[in-house]
Amino acid sequence: MGTRTIQRADALLWVGDSALYIWDGRDRSEGCIRLLGKEGEWFPYVPGFYDIWEDAPRYQRELRSLLGGARLWGRRRVLLVVPEDLTQVESVALEDFVYAAMGGGLKRRGGVVFCSQSEALRAPEGRYIAVTHSCRCYCTAVVQDGAVVEKALLDVNECTREALLRQIREFHSLYRDSAMEVYFPQMEANLLLDGIGGEVSLAGIAAARLY
């Protein structure tokens, strides 16, 4: 994905494990849609965002109320930030969900722009290491000029903090750059990630990636 495409978005939707995190670049407002899970239960390796199809009308109304429609802002372009392990079927379903929610509030072409969570953490220039996670895995990735060039996926139920640190050291060694900085998202951070690198907030991601 090219840097130019990413920078043309004016709203951000981060797909997390337990919530959808939203940043509207027009008025610099932050929002969150909590994913409830079917009857409050989560199933191993099943993404929390599957819940949006259990009650699609409600979640669509929530998203539309946070991002507004054509009457408020005109046609939008939304940067959809997704986990590294997203499948093609999940990708298509999420895109359809956003279009259905926004109706005429999206650009006819390129209204939804995809970006992985690793790629979204910093501005699309330079090189860094990203550490993210989903319900299925932890991902450690090297991002170069806005694109993932190396990554390692570790099963979420078997991954340890030492395994993440070992992978980070391997990337430092591979690129002969021990000063390469490490970042992880502030949203839904956990004990394995705490202190492993620099926290990046949703506002920080938006500042680097939107208009």
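Each reported figure results from applying straightforward, stated rules to the coordinates on display, with no laboratory input. All values derive from a computational prediction rather than experimental measurement. Ideal geometry is used to build each Cβ from the backbone, glycine not excepted, and the neighbour counts take in all protein chains shown.
Applying a 10 Å radius around every beta-carbon, put 189-200, 43-54 in order of their mean neighbour count, most first.
43-54, 189-200
For the chain, count all C-alpha to C-alpha pairs, find those more than 20 Å apart, and express that count as a whole percent of the total.
Details: 12494 of 22155 pairs.
Roughly 56 percent, once rounded to a whole number.
Based on the Cα coordinates of region 9-131, what is the per residue volume of their convex hull in Å³?
Enclosed volume per residue, from the Cα hull, is 114 Å³.
Let me check I've understood the local charge: for A208, count other residues with C-beta under 10 angstrom from its C-beta, Lys and Arg +1, Asp and Glu -1. What total comes out? Can you show the working numbers first?
On the way: positive: R122, R209; negative: E125.
So the environment of A208 carries a net charge of +1.
Residues with beta-carbon under 15 Å from that of I33, excluding I33: net charge, scoring Lys, Arg +1 and Asp, Glu -1?
Net local charge, I33 excluded: -4.
Cα extents of region 70-123 along the three principal axes, largest first, in whole Å?
Sorted from largest, the Cα extents of region 70-123 read 34, 28, 15 Å.
List every residue whose amide H lies under 5 Å from the amide H of S201, counting only residues 5 or more places away in sequence or on a different chain, with H placed 1.01 Å from N in the peptide plane.
Those lying under 5 Å, H to H, from S201 are Q186.
In degrees from 0 to 90, rounded to the nearest 10, what is the angle of the helix 88-102 Cα long axis to the longest principal axis of the chain?
Helix 88-102 and the main axis of the chain meet at about 40 degrees.
Going by alpha carbons, how many degrees (0 to 90, nearest 10) lie between the helix axis of 161-174 and the longest principal axis of the chain?
Result, in degrees: 80.
If each DSSP helix of 4+ residues adds -39,500 (n - 2.57) and the sum is divided by the residues in the chain, what number results at 222 nm, nearest 500 deg cm²/dmol?
My calculation for the chain gives -8000 deg cm²/dmol from helical runs alone.
Looking only at Y175, Y128, Y21, which one moves most when the chain is put into a Gaussian network model with springs between Cα atoms under 10 Å?
Answer for the Gaussian network model of the chain: Y175.
Nearest 10 degrees, 0 to 90: what angle lies between the long axis of helix 56-67 and the longest principal axis of the chain (Cα atoms)?
80
Name the GluC sites (Glu not before Pro) in region 84-134 that are in a loop by DSSP and that have at most 16 other C-beta atoms within 10 Å, would you? Mind showing how you got there, number by number?
Values: sites: E84, E90, E95, E119, E125; in loops: E84, E125.
Those that pass, being in a loop and sparsely packed, are E125.
Could you work out the local net charge near V112, counting Lys and Arg as +1, Asp and Glu as -1, over the other residues with Cβ closer than 10 Å to its Cβ?
Here the count lands on +1.
Out of every Cα pair in region 137-201, what percent are spaced more than 18 Å from each other?
Numbers: 723 of 2080 pairs.
Beyond 18 Å sits 35 percent of the P(r) for region 137-201.
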